[in-house]
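Here the structure comes first, spelled out in structure tokens, and everything after it is commentary.
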Amino acid sequence: MDKIKAVFLYILALVVLLAPAILLGWIGWSLLDWWGGVLGIIGGLLIFYSSITKIARQESTEEEPITAGDAE
């Protein structure tokens with residue numbers, strides 16, 4: 001059950017993170033034909049890349065917070 005839940009959450013995260021690429025591609029396609037679609041998808045993938053690197057940077061620098069009790 002946990003494995004199914006993990007796969008579902010992984011797919012959901014990919015869909016949410018790739019939504020800008022899909023939306024920008026569709027908008028670009030409807031405005032500028034296939035060139036707009038390509039440019040929209042590239043723009044959306046750049047947003048996807050920046051989101052992934054931001055998440056990875058946060059996880060790599062994440063440490064245990066220092067509380068008032070630890071400072072003694």
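Starting from the Cα-Cα distance between L17 and Y49, subtract it from 0.36 nm times their residue separation and give me the gain in nm to one decimal.
Values: separation 32, 0.36 × 32 = 11.52 nm, distance 0.92 nm.
This chain segment gains 10.6 nm when fully extended.
Show me the three semi-axes of the equivalent ellipsoid for segment 4-48, from the C-alpha gyration tensor (sqrt of 5 times each eigenvalue), largest first, rounded to whole Å. Let's see the in-between values first.
Values: eigenvalues 133, 15, 6 Å².
Taking √(5λ) for each Cα gyration eigenvalue gives 26, 9, 6 Å.
As an exercise, use a Förster radius of 30 Å and the Cβ-Cβ distance of A56 and D33 to find the FRET efficiency, rounded to the nearest 0.05. Present the calculation step by step, with values, prior to reporting the outcome.
Working: r = 35 Å, r/R0 = 1.18.
Result of the calculation: an efficiency of 0.25.
Every read-out reported here was derived from the displayed coordinates using simple, explicitly stated rules and does not represent laboratory data. Quick caveat, the model's predicted, so the values are computed rather than measured. Heads up, the Cβs are rebuilt from the backbone with ideal geometry, glycines too, and the neighbour counts pull from every protein chain shown.
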